[in-house]
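Derivation of every value follows stated rules applied to the coordinates shown; laboratory data play no part. All values reported here derive from a predicted model rather than from experimental measurement. Please note: Cβ atoms are built from the backbone with ideal geometry, for glycine as well, and neighbour counts cover all protein chains shown.
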Amino acid sequence: MTPTAIRNFNADARLEIDWDDDSSSSYSHEILRVKCPCADCRGHTPEQAKIITGKEDVSVTHLELVGNYALRIEFDDGHNTGLYTFTQLYNEIL
Ligand SMILES: [Zn+2]
């Protein structure tokens with residue numbers, strides 16, 4: 001699945017993605033941040049995963065496509081190591 005458009009709305013703290021099957025998805029910045037898939041946040045086993053809280057006011061400061069499979073999201077708390085694959089985003093299995 002490939003995005004055809006990615007729109008970020010900091011005023012609403014939302015990210016929207018249109019997909020090439022004509023569907024679209026919407027994510028709150030808070031959910032994206034607390035579900036960050038990077039190794040530091042997830043750990044190597046479920047037991048090592050961090051519970052991330054207090055990100056109600058986080059916002060997205062930078063978006064970068066990684067190859068043709070993922071989106072790297074940088075947040076205003078300085079965290080930028082999360083690669084959100086299109087498969088994860090499309091299926092909302094963050
Ligand atoms: Zn992370």
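Values for this structure:
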item: Principal axis box of the chain, alpha-carbon based, largest edge first, Å; result: 37, 29, 19
item: Extension gain (nm, one decimal) between S23 and T2, 0.36 nm per residue minus Cα-Cα; result: 6.5 nm
item: Ranked E47, E30, criterion: other C-beta atoms within 10 Å, fewest first; result: E47, E30
item: Helical mean residue ellipticity (222 nm; -39500 (n - 2.57) per DSSP H run of 4+; nearest 500) of the chain; result: -3500 deg cm²/dmol
item: Rh by Kirkwood over Cα pairs, then Stokes-Einstein D for segment 36-89 at 1.567 mPa s and 4 °C, µm²/s; result: 108
item: Span from the segment 75-91 Cα centroid across to the segment 5-63 one, whole angstrom; result: 6
item: Contact order normalised by residue count of the chain, Cα under 8 Å, 6+ apart, percent; result: 23
item: Sorted by Cβ density within 10 Å, fewest first, the residues I17, I51; result: I51, I17
